[in-house]
1. Read through the list (1) without any contact (Cβ under 8 Å) to a residue 24 or more places away in the chain; (2) among the hydrophobic types (A, V, I, L, M, F, W, C); (3) buried (at least 19 other Cβ atoms within 10 Å of the Cβ), then give the number of the only condition that Ala111 fails.
2. Can you tell me which residue in segment 69-83 is surrounded by the most Cβ atoms within 10 Å (Cβ to Cβ), limited to those that are touching a residue at least 40 places away in the same chain (Cβ under 8 Å) and farther than 18 Å from Cys161 by Cβ?
3. Would you check if there is a residue in segment 159-179 being surrounded by fewer than 15 Cβ atoms within 10 Å (Cβ to Cβ) and touching a strand residue (DSSP E or B) at 6+ places or on another chain (Cβ under 8 Å)?
4. Does any residue of segment 176-192 turn out to be part of a loop (DSSP other than H, G, I, E, B), at pLDDT below 90 and either among the small types (Gly, Ala, Ser) or under 14 Å from the mean Cα position of the chain (by Cα) (or both)?
5. Check segment 101-124 and report whether any residue there is farther than 29 Å from Lys29 by Cβ, in a helix (DSSP H, G or I) and aliphatic (A, V, I, L, M).
6. Of the numbered conditions (1) open to solvent by less than 50 Å² (accessible area, probe 1.4 Å); (2) modelled with pLDDT of 95 or more, Leu118 satisfies every one except a single condition; which is it?
7. When you go through (1) modelled with pLDDT under 90; (2) surrounded by 15 or more Cβ atoms within 10 Å (Cβ to Cβ) one by one for Gly38, which number turns out not to apply?
8. Note down all Cβ pairs under 6 Å where the first residue falls in segment 182-202 and is under 19 Å from Ala109 (Cβ atoms), the second is among the polar types (S, T, N, Q) and modelled with pLDDT of 65 or more, and they're at least six residues apart or on different chains.
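The values are calculated or read from the model by the stated rules, or taken from the named source; none is laboratory data. Given the structure is predicted, the values throughout are model-derived calculations rather than measurements. Here the Cβ is made from the backbone with ideal geometry for all residues, glycine too, and neighbour counts use every protein chain on show. Please note that ligands, DNA and RNA were not included when accessible areas were found on the heavy atoms of the full protein model with its side chains. Shrake-Rupley method; radii C 1.70, N 1.55, O 1.52, S 1.80 Å.
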Amino acid sequence: MDWKYLFFILLGYFSGSVLYARMLPRFLKGVDVTRQSGDGNPGTANAVRLAGWPVGLLSLGLELAKGAAPVFFAARNLDLSQTAFALVLAAPALGHAFPFGRFTKGGKAIAVSFGCLLGLLPLWQPLALLAGLYIFFSVVLVVSPHLFRSVLVFGLFAAGCILFKLTFPITLGCCLLSALVILRHVLKYQGEKPAVRLFKKA
């Protein structure tokens with residue numbers, strides 16, 4: 001593997017390992033989202049719920065950025081047709097899901113996955129597909145709880161990327177993102193039962 005790919009893989013991984021949605025609520029509000037939330041997830045939803053919208057939105061922005069920035073710079077310095085780029089694309093999500101120094105205490109990697117796809121712009125199809133699936137299964141055909149919705153969305157996202165016939169490294173990278181998110185959700189499964197309803201309640 002070319003050293004440049006390895007550099008951006010490591011950059012993405014360590015960038016992803018910084019759990020802003022855990023750090024900011026703790027530093028700004030004295031809130032530990034991993035201890036005070038029901039699922040113990042260091043994610044933006046818990047940051048919003050427990051620390052308020054300003055802190056939550058700041059956490060969300062940084063969670064997106066930590067995925068977008070490494071991929072954005074890598075996409076402008078590497079050959080996207082090389083298979084190794086798939087690992088570059090997935091590295092920030094891997095860092096978030098299994099962060100350096102606290103390997104079993106990572107998050108579900110949803111926001112950072114959106115960030116990774118933002119870094120691919122102007123290649124827009126993966127980002128549009130993932131966003132569209134989340135909106136559909138959150139507003140139109142509502143799947144709950146969130147764990148089942150995310151597993152369904154990311155499973156369909158991986159299948160959709162294959163159907164889009166994108167380049168192999170991009171498709172593989174998107175499938176790796178999906179696998180990481182699904183794995184983290186499975187690891188956090190607590191026996192909930194899925195439910196489906198048409199349209200979100202007002």
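1. The single condition Ala111 does not satisfy is (1).
2. Pro70
3. Looking through segment 159-179, none of the residues is surrounded by fewer than 15 Cβ atoms within 10 Å (Cβ to Cβ) and touching a strand residue (DSSP E or B) at 6+ places or on another chain (Cβ under 8 Å).
4. yes
5. Yes, segment 101-124 contains at least one residue that is farther than 29 Å from Lys29 by Cβ, in a helix (DSSP H, G or I) and aliphatic (A, V, I, L, M).
6. Going through the list (1) open to solvent by less than 50 Å² (accessible area, probe 1.4 Å); (2) modelled with pLDDT of 95 or more, Leu118 breaks only (1).
7. Of (1) modelled with pLDDT under 90; (2) surrounded by 15 or more Cβ atoms within 10 Å (Cβ to Cβ), only one is false for Gly38: (2).
8. His185/Ser150
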